Amino acid sequence: MSLKQARHAVLAAAALALISQPMAALAKTKVILSNDTQALSLKGKSFELLKTEIEKRLGDKAAVELHQSGALFDQKTQIQGLQLGGAHMIAPTVGIYSSITPKVNALLLPFLLPNEKAVDEAVKDEVVRASFVPDLEKKNVLPVAIWVNGPRNIGYKRKEPILTPDGMKGLKIRVQSAPIYVDTMKAFGANVIAMSWSETPTALQQGVIDAVEPTPNAWVASKIYELVDNITVTDYCFDFYVVGANKQWWQGLSKDVRAGVQGALDAATAWNWENAKKINDESDATIKAAGVGIHTLTPAQKALWVKAVQPVWKSLGTDLVGAKVMARLQEISAKYK
């Protein structure tokens, strides 16, 4: 889909969302939630809880819609959909926001922030926040919460395990269309194909790609683990979601409605953080039980992967956010490794 076609699709979806509501719902505050992943994923469940909690708190004051699996906007169109008001809240992986603020790439630099505790401190740090939050707000996107996703690892349709970056050569791997994912996999030596998650299972089945790198819960929710032979546990990136609200919509909510939405968001966020590790661990067990080979790197092997991505640290780290922000991110990283 071209950029022009994507924009037309966004405008059409936004218009449809506005005109297709029953008259009775127009008196209520409309809350449109759009999720680009499966309903059974960790994020999908977090959205389900958010919808339930909003309805519980606001009752007849709100008309809540939840669109799962990219049914309203997919990974390519959700940012524009949010900006134009076709959706009111989305939760893409942080890298997707690089289309409107490239500096967010630094938050996902490979082998930098190793876990949820490091992510939590980084996104709350004033030096780090100043590098990307103002840019989001200028583009009508208000970051309102952080949801956990999990560690990204590389799975592939090959009988032999990949234990060093040399093994990535010739591998056709799907990534999200964000520079941090694309450039990292290129640094590992792979042939990169960017596509939306909703297109990925079919692409893997048909041989358009032969590798993917999602988190454990996404492997299982999509059943895509059934299509690969092996997974290499690189833990190259601890991925997370930035819940973004349409800034104009959020600021236009009445005081009581905003309080209800915020309370619901707090509850969904708490559930997400409390259950992320459990769900990912359960997903890992499901994958292993299915007979997929799971390969953990030795320290010496992992050092080769870390070395391979050092140019990415410069191009999508220091060159984008500056030495001060990078120093702060490295300070935070060192505390949790």
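The values are calculated or read from the model by the stated rules, or taken from the named source; none is laboratory data. Being a predicted model, the structure only gives us computed values, none of them experimental. Ideal geometry is used to build each Cβ from the backbone, glycine not excepted, and the neighbour counts take in all protein chains shown.
In region 313-337, the qualifying residues are those that are surrounded by 16 or more Cβ atoms within 10 Å (Cβ to Cβ) and within 29 Å of S41 (Cα to Cα), and the one that is nearest to the chain's Cα centre (by Cα) is L316.
Hey, could you check region 61-80 for residues that are in contact (Cβ under 8 Å) with a residue 60 or more places away in the chain and farther than 16 Å from Q176 by Cβ and say which is surrounded by the most Cβ atoms within 10 Å (Cβ to Cβ)?
This residue is A62.
Could you tell me whether any residue of region 23-39 is within 16 Å of the chain's Cα centre (by Cα), over 21 Å from S99 (Cβ atoms) and not in a helix (DSSP H, G or I)? Even if it seems obvious, please write down each step before you answer.
Step one: filter region 23-39 for residues within 16 Å of the chain's Cα centre (by Cα), giving 33-39.
Narrowing the set further to residues that are over 21 Å from S99 (Cβ atoms) leaves 38-39.
Checking which are not in a helix (DSSP H, G or I) leaves us with 38-39.
Checking region 23-39: at least one residue is within 16 Å of the chain's Cα centre (by Cα), over 21 Å from S99 (Cβ atoms) and not in a helix (DSSP H, G or I).
No other residue among A106, A130 is of a type in the set (A, V, I, L, M, F, W, C) and closer than 30 Å to L304 by Cα apart from A106. Being crowded, with 22+ Cβ neighbours inside 10 Å and either at pLDDT 95 or above or touching a Phe, Trp or Tyr at 6+ places or on another chain (Cβ under 7 Å) (or both) holds for only one residue in N105, N191, N140, and it is N105. Within region 95-120, the set of residues being of a type in the set (A, V, I, L, M, F, W, C) and over 16 Å from N246 (Cα atoms) comprises V104, A106, L107, L108, L109, F111, L112, L113, A118, V119. For Q206, are the conditions met, namely being under 26 Å from V144 (Cα atoms) and at pLDDT 95 or above? It is false that Q206 is under 26 Å from V144 (Cα atoms) and at pLDDT 95 or above.
Listed conditions (1) buried (at least 18 other Cβ atoms within 10 Å of the Cβ); (2) at pLDDT below 95; (3) of a type outside the set (S, T, N, Q) are all met by L58, apart from (2). Surrounded by fewer than 18 Cβ atoms within 10 Å (Cβ to Cβ) and free of Cβ contacts under 8 Å to residues at least 24 places away in the same chain, is that true of G291? Considered against the rule, which asks whether it is surrounded by fewer than 18 Cβ atoms within 10 Å (Cβ to Cβ) and free of Cβ contacts under 8 Å to residues at least 24 places away in the same chain, G291 comes out as yes. When we screen Y156, Y181 for residues that are within 14 Å of the chain's Cα centre (by Cα), closer than 19 Å to A308 by Cβ, buried (at least 22 other Cβ atoms within 10 Å of the Cβ) and of a type in the set (S, T, Y), the only hit is Y181. Does A118 count as under 19 Å from the mean Cα position of the chain (by Cα), in a helix (DSSP H, G or I) and in contact (Cβ under 8 Å) with a residue 60 or more places away in the chain? Yes; evaluated as a whole, the condition is true for this residue. For region 1-40, filtered to residues that are of a type in the set (G, A, S) and modelled with pLDDT of 95 or more, the residue that is surrounded by the most Cβ atoms within 10 Å (Cβ to Cβ) is S34.
When region 294-312 is filtered for residues that are within 24 Å of the chain's Cα centre (by Cα) and without any contact (Cβ under 8 Å) to a residue 60 or more places away in the chain, only Q310 remains.
Kindly establish whether F111 is touching a Ser or Thr at 6+ places or on another chain (Cβ under 8 Å), crowded, with 18+ Cβ neighbours inside 10 Å and among the aromatic types (F, W, Y). The answer is no for F111. For region 262-312, the set of residues classified as in contact with a helix residue (DSSP H, G or I) (Cβ under 6 Å, 6 or more places away or on another chain) and of a type in the set (D, E, K, R) consists of D284 only.
You will find that of G252, G244, the residue that is surrounded by fewer than 18 Cβ atoms within 10 Å (Cβ to Cβ) and not charged (D, E, K, R) is G252 and no other.
Taking into account only those residues within region 163-178 that are under 25 Å from the mean Cα position of the chain (by Cα) and more than 30 Å from Q78 (Cα to Cα), which is surrounded by the most Cβ atoms within 10 Å (Cβ to Cβ)?
Once the filter is applied, the top-ranked residue is M168.
For residues that are more than 21 Å from K43 (Cβ to Cβ) and part of a strand (DSSP E or B), tally how many sit in region 227-262. The qualifying residues number 4.
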